[in-house]
């Protein structure tokens, strides 16, 4: 049985990935931060789900999780690592709290490298292991290529993750470990319930209050119409198993809009976005 580690598996995209992979016959080691989430998922998914308890920013806890997986594998190779865990910090960049910005980068970027370094030996960096080298799937975002107003911290983390992934893919060719990006658009997950409760009051006395409310409503609408998490699970399964994977899979319910935002001249997109959300200078 092939084994895969999926970080951030308690809800949302990580849950959808674990569900699909287990359904395809994989054993999934899924990271969660709470014991109750681990038990809930073990009951839901059965014996082929094994919880790992760590926060991706805690290097010691991640190393302990890697040791647990190594013991379960014996001398065999880990087939895949899916770096999915992440958060989204929103707000205008002129006013967002620097501690929140740092936390965004720490979780979505530094944490991915912490996890990758810990599990790379099991994927093939340790050449004494038996089997074919594994693959790393990085969960980025359409926001890793096109940045929107008021989610600058999140976009910064995903743009950086794309660059990290490209460098890593080339460096790990030495070991035969492939690195593939899966970039979702809007996905119907509980994150949108959190977004709906986002308190914008702290920006009341800034010029951004009205555009912020417009963008929030627009994003909530997109999220509620997003793909189910299992759709991302299918894309990850493809990235892990197809003979010749692409370097990047974009999975979005708005492919034409996403394409135009990247393909059209940036100044034109700037003007369109500014007009839509009320960011034109008055």
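The values are calculated or read from the model by the stated rules, or taken from the named source; none is laboratory data. Since we're looking at a predicted model, the values are computed, not measured. So basically every Cβ, Gly included, is an ideal-geometry build from the backbone, and we count neighbours across all protein chains shown.
Within the set 104, 117, the sole residue that is farther than 15 Å from residue 29 by Cα and touching a residue at least 40 places away in the same chain (Cβ under 8 Å) turns out to be 104.
Scanning the stretch 123-143 for residues that are touching a strand residue (DSSP E or B) at 6+ places or on another chain (Cβ under 8 Å), in a helix (DSSP H, G or I) and modelled with pLDDT of 95 or more yields a count of 1. Within the stretch 60-90, the residues that satisfy the criterion of being in a helix (DSSP H, G or I), in contact with a helix residue (DSSP H, G or I) (Cβ under 9 Å, 6 or more places away or on another chain) and surrounded by 17 or more Cβ atoms within 10 Å (Cβ to Cβ) are 62, 65, 66, 69, 70, 73. When the stretch 2-15 is filtered for residues that are surrounded by fewer than 24 Cβ atoms within 10 Å (Cβ to Cβ) and on the phi < 0 side of the Ramachandran plot, the ones remaining, listed by number, are 2, 3, 10, 11. For residue 271, the conditions (1) assigned to a helix (DSSP H, G or I); (2) within 23 Å of the chain's Cα centre (by Cα); (3) surrounded by 12 or more Cβ atoms within 10 Å (Cβ to Cβ) are fulfilled apart from (2).
In the stretch 150-231, counting only helices (runs of 4 or more DSSP H) that sit wholly within it, the ones holding 2 or more residues that are touching a strand residue (DSSP E or B) at 6+ places or on another chain (Cβ under 8 Å) span 152-171.
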